[in-house]
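I have placed the structure first, in the form of structure tokens, so that the comments after it can refer back to it.
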Ligand code: NAD
Ligand code: NA
């Protein structure tokens, strides 16, 4: 079929298999161009199909020749119905990894459930014996806790008082004011239950209990901080409480890994266009200004550049892992540079519908958004008939 974008707000209902494959190939080529990393050998990535998790899987495989198992929740493709982008990304990744002689298998289902954990543990046991890196990169609006059966829905709200600020509809370029009413205690607890560290710790406990973690194993989960500008809706809002919990969980997991001489980290990453971040009010305007400033300074990175740097210059240098005063790895260091933030803050004050095209990188935001779904990728002919039914070679 000929597949075109069908956009509804901050999601796109269709995705393009060849565009997704090209994105994956571009990421593979980037990692190869940066040279070998003396990194992990057997890797589990939870949330492996898009965004930072996909980049983590690609970096492990093509930077360190690692065997990888990916867990994700994606819609398979069917006749006349394109799959979700993560489905096509995984199909492409596993095709290229297997062609390169690398072990690459995956499990599609709810990573929060006992069932998917069981399936994953069995696969590791059967095929890899143990893993030496576990990347935890889930972004989800809801989670059913397998112990209580309760389904929690996360919310993106400020805490204490309403928050009013500028936001942009990145499709139309309309800059408007948005007001978000504050969360109640239940909202906070629910958001922490979904995006906090409880599930990460459940995974690590389960892996450890069955002796599936290698001596010296590492685990890493991803967090975000961002500037004062977005604090009320991000770091000091409900999602920030969840990130506080995730960051605290790293210490709890690190304690449990002591006897294995293992390590547990949170890495604070840069703000980027992903399916998760497009849904947060205010953030798209911030990102479009940030992109403009970072590109002008020659320090813009995407997910693959971020994660390649995380492995090569933080996690696998052979020495001590550099962390901040709270024990976190920072690859948001360039985003948070004073000169970058001062320029973004000044542009924020000025930003209007009329000038955003010029003072912000709205075009770059939009292109990145369409890229997530395999559209607007250079060199592809979107008029061409493509086979929408694609198999994931390593799907278990
Ligand atoms: P993403 O939406 O691109 O990826 C989410 C992944 O989780 C996908 O592989 C998806 O299939 C998987 N997933 C979601 N629900 C699942 C479930 N129930 N079971 C199994 N898999 C499931 O998101 P992302 O932006 O890469 O986010 C990953 C992490 O990075 C999050 O913790 C996020 O907060 C963090 N982070 C994001 C940014 C950003 O700007 N995007 C910045 C810093 C940190
Ligand atoms: Na991810």
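Within the set 97, 111, the sole residue that is crowded, with 17+ Cβ neighbours inside 10 Å and more than 8 Å from ligand 1 (Cβ to nearest atom) turns out to be 97. Residues that are within 16 Å of ligand 2 (Cβ to nearest atom), surrounded by fewer than 22 Cβ atoms within 10 Å (Cβ to Cβ) and free of Cβ contacts under 8 Å to residues at least 12 places away in the same chain do occur in the stretch 274-283, at least one of them.
Can you spot a residue in the stretch 11-31 that is more than 16 Å from ligand 2 (Cβ to nearest atom), closer than 24 Å to residue 117 by Cβ and surrounded by fewer than 21 Cβ atoms within 10 Å (Cβ to Cβ)? Within the stretch 11-31, not a single residue is more than 16 Å from ligand 2 (Cβ to nearest atom), closer than 24 Å to residue 117 by Cβ and surrounded by fewer than 21 Cβ atoms within 10 Å (Cβ to Cβ).
Is there a residue in the stretch 305-312 that is more than 16 Å from ligand 1 (Cβ to nearest atom) and modelled with pLDDT of 95 or more?
Within the stretch 305-312, one or more residues are more than 16 Å from ligand 1 (Cβ to nearest atom) and modelled with pLDDT of 95 or more.
Just one of (1) touching a strand residue (DSSP E or B) at 6+ places or on another chain (Cβ under 9 Å); (2) outside any strand (DSSP E or B); (3) under 27 Å from residue 114 (Cβ atoms) fails for residue 217. It is (2).
If the requirement is being over 25 Å from the mean Cα position of the chain (by Cα), surrounded by 15 or more Cβ atoms within 10 Å (Cβ to Cβ) and in a loop (DSSP other than H, G, I, E, B), which of these qualifies: 390, 386?
Details: 390 fails: over 25 Å from the mean Cα position of the chain (by Cα).
On inspection, the qualifying residue turns out to be 386.
Might you let me know whether the stretch 59-80 holds any residue that is over 18 Å from the mean Cα position of the chain (by Cα), crowded, with 23+ Cβ neighbours inside 10 Å, assigned to a loop (DSSP other than H, G, I, E, B) and away from ligand 2 (no atom under 16 Å from the Cβ)? Within the stretch 59-80 (the criterion being over 18 Å from the mean Cα position of the chain (by Cα), crowded, with 23+ Cβ neighbours inside 10 Å, assigned to a loop (DSSP other than H, G, I, E, B) and away from ligand 2 (no atom under 16 Å from the Cβ)), the answer is yes, since at least one residue qualifies. Regarding residue 45, is this residue crowded, with 24+ Cβ neighbours inside 10 Å, on the phi < 0 side of the Ramachandran plot and touching a strand residue (DSSP E or B) at 6+ places or on another chain (Cβ under 7 Å)? Against the criterion (crowded, with 24+ Cβ neighbours inside 10 Å, on the phi < 0 side of the Ramachandran plot and touching a strand residue (DSSP E or B) at 6+ places or on another chain (Cβ under 7 Å)), residue 45 qualifies.
The residues of the stretch 12-24 that are in contact with a helix residue (DSSP H, G or I) (Cβ under 7 Å, 6 or more places away or on another chain) and not in a loop (DSSP other than H, G, I, E, B), listed by number, are 17, 20, 21, 23, 24.
Among the candidates 117, 166, 81, the residue that is touching a helix residue (DSSP H, G or I) at 6+ places or on another chain (Cβ under 7 Å), more than 13 Å from ligand 1 (Cβ to nearest atom) and over 17 Å from residue 68 (Cβ atoms) is uniquely 166.
Tell me, yes or no, whether the stretch 27-48 has at least one residue that is within 9 Å of ligand 1 (Cβ to nearest atom) and part of a loop (DSSP other than H, G, I, E, B). Scanning the stretch 27-48 turns up at least one residue that is within 9 Å of ligand 1 (Cβ to nearest atom) and part of a loop (DSSP other than H, G, I, E, B).
Yes/no matrix, rows are residues, columns are (1) modelled with pLDDT of 95 or more; (2) within 16 Å of ligand 2 (Cβ to nearest atom); (3) under 20 Å from the mean Cα position of the chain (by Cα); (4) in a helix (DSSP H, G or I):
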{"position": "160", "(1), (2), (3), (4)": "yes, no, no, no"}
{"position": "168", "(1), (2), (3), (4)": "no, no, no, no"}
{"position": "189", "(1), (2), (3), (4)": "yes, no, no, yes"}
{"position": "193", "(1), (2), (3), (4)": "yes, no, yes, yes"}
{"position": "202", "(1), (2), (3), (4)": "yes, no, yes, yes"}
{"position": "240", "(1), (2), (3), (4)": "yes, no, yes, yes"}
{"position": "245", "(1), (2), (3), (4)": "yes, no, yes, yes"}
{"position": "249", "(1), (2), (3), (4)": "yes, no, yes, yes"}
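Among residues of the stretch 284-304 being free of Cβ contacts under 8 Å to residues at least 40 places away in the same chain and away from ligand 1 (no atom under 13 Å from the Cβ), the one that is surrounded by the most Cβ atoms within 10 Å (Cβ to Cβ) is 300.
The values are calculated or read from the model by the stated rules, or taken from the named source; none is laboratory data. Worth saying up front: this structure is predicted, and the values here are computed from it rather than measured. Counting neighbours? That spans all protein chains shown, and the Cβs are built from the backbone with ideal geometry, glycine included.
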